[in-house]
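The structure appears below as structure tokens.
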Amino acid sequence: MEKQLLRLNVNDQNYEIYINPKTLLVEAIRDHIELTGTKRGCDTVSCGACTVVVDDMAVKACSVLAVQAEGTKILTSEGLEVNGKLAPIQKAFLDEGAFQCGFCTSGMLMSSVAFLNETKKPTEKEIRDGIEGNICRCTGYNSIVRAIDSVAKGKYTEDKV
């Protein structure tokens with residue numbers, strides 16, 4: 001199959017890559033752009049480890065062809081910290097111990113960012129519903145919910161989510 005030129009904007013940086021038109025977004029990000037925070041988990045849209053933010057919406061990158069993302073703004077976990085400073089959600093995950101093995105963390109962070117950008121004062125139930133598409137096999141979710149809640153309540157207001 002003929003490779004085609006694809007232009008992607010990832011973490012406010014423009015990339016030009018040549019890919020097979022059937023390449024998934026998760027493959028383009030990991031294998032071509034070499035940003036490995038986005039994880040390949042289940043490849044069936046079930047686990048959420050591959051979640052990125054595309055035009056402010058949480059998207060499972062294993063469910064989207066890379067060519068479908070051309071012309072969008074993609075944010076990955078690598079794009080959360082700015083000038084060496086962690087984003088509020090990253091600080092909250094650290095403070096609350098919202099990770100153990102770390103495999104789900106980048107997808108969980110990205111789902112949390114998209115959720116908090118659209119839901120300003122969520123209840124605990126709304127937070128749990130908001131991260132429902134992301135599976136964590138280690139933490140039991142309580143520390144993750146506390147981290148998201150602490151950001152929503154303004155504990156990390158010195159920075160932007």
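The values are calculated or read from the model by the stated rules, or taken from the named source; none is laboratory data. As the structure is a computational prediction, the values presented were derived from the model and not from experiment. No Cβ is skipped: glycine too gets one built from the backbone with ideal geometry, and neighbour counts run over all protein chains shown.
Which of the residues belonging to the range 13-45 are in a helix (DSSP H, G or I) and not small (Gly, Ala, Ser)?
If the condition is that a residue be in a helix (DSSP H, G or I) and not small (Gly, Ala, Ser), then 25, 26, 27, 29, 30, 31, 32 are the ones that fit.
Is the range 73-91 home to any residue that is out of contact with any helix residue (DSSP H, G or I) (no Cβ under 9 Å at 6 or more places or on another chain) and of a type in the set (A, V, I, L, M, F, W, C)?
Within the range 73-91 (the criterion being out of contact with any helix residue (DSSP H, G or I) (no Cβ under 9 Å at 6 or more places or on another chain) and of a type in the set (A, V, I, L, M, F, W, C)), the answer is yes, since at least one residue qualifies.
Output the number of the condition that residue 143 fails; it satisfies all remaining conditions of (1) in contact with an Asp or Glu (Cβ under 8 Å, 6 or more places away or on another chain); (2) under 21 Å from residue 57 (Cα atoms).
Against the list (1) in contact with an Asp or Glu (Cβ under 8 Å, 6 or more places away or on another chain); (2) under 21 Å from residue 57 (Cα atoms), residue 143 comes up short only on (2).
Got a number for residues in the range 99-146 being of a type in the set (Lys, Arg) and in a helix (DSSP H, G or I)?
3
Pairs, please: C-beta under 9 Å, at least 6 apart or cross-chain, first residue without any contact (Cβ under 8 Å) to a residue 24 or more places away in the chain and in the range 72-90, second hydroxyl-bearing (Ser, Thr, Tyr)?
If the second residue must be hydroxyl-bearing (Ser, Thr, Tyr), the pairs left are 90/77.
Out of all the residues in the range 51-79, which are part of a loop (DSSP other than H, G, I, E, B) and either in contact with a Gly (Cβ under 6 Å, 6 or more places away or on another chain) or at pLDDT below 95 (or both)?
76
Tell me, please, whether a residue that is more than 17 Å from the chain's Cα centre (by Cα), of a type outside the set (Asp, Glu) and at pLDDT below 95 can be found in the range 105-122.
Scanning the range 105-122, I find at least one residue that is more than 17 Å from the chain's Cα centre (by Cα), of a type outside the set (Asp, Glu) and at pLDDT below 95, so the answer is yes.
Which members of the range 93-151 meet the condition of being without any contact (Cβ under 8 Å) to a residue 60 or more places away in the chain, acidic (Asp, Glu) and more than 23 Å from residue 41 (Cα to Cα)?
95, 96, 124, 126, 149, listed by residue number.
With (1) in the same structural domain as residue 131 (by TED's automatic domain parsing); (2) closer than 19 Å to residue 134 by Cα; (3) not hydrophobic (A, V, I, L, M, F, W, C) as the list, and residue 95 as the residue in question, which single condition is left unmet?
If we test residue 95 against (1) in the same structural domain as residue 131 (by TED's automatic domain parsing); (2) closer than 19 Å to residue 134 by Cα; (3) not hydrophobic (A, V, I, L, M, F, W, C), just (2) comes out false.
Scan the range 86-115 residue by residue and report those that are buried (at least 19 other Cβ atoms within 10 Å of the Cβ) and of a type in the set (A, V, I, L, M).
Those that are buried (at least 19 other Cβ atoms within 10 Å of the Cβ) and of a type in the set (A, V, I, L, M): 87, 89, 92, 98, 108, 109, 110, 113, 114.
Pick out the one residue from 140, 130 that is surrounded by fewer than 23 Cβ atoms within 10 Å (Cβ to Cβ) and on the phi > 0 side of the Ramachandran plot.
After applying the criteria, what remains is 140.
Return the residues of the range 1-15 that are exposed (fewer than 15 other Cβ atoms within 10 Å of the Cβ) and either of a type in the set (S, T, N, Q) or closer than 14 Å to residue 74 by Cβ (or both); say none if nothing qualifies.
Once the filter is applied, which keeps residues that are exposed (fewer than 15 other Cβ atoms within 10 Å of the Cβ) and either of a type in the set (S, T, N, Q) or closer than 14 Å to residue 74 by Cβ (or both), the range 1-15 yields 4, 7, 12, 13, 14.
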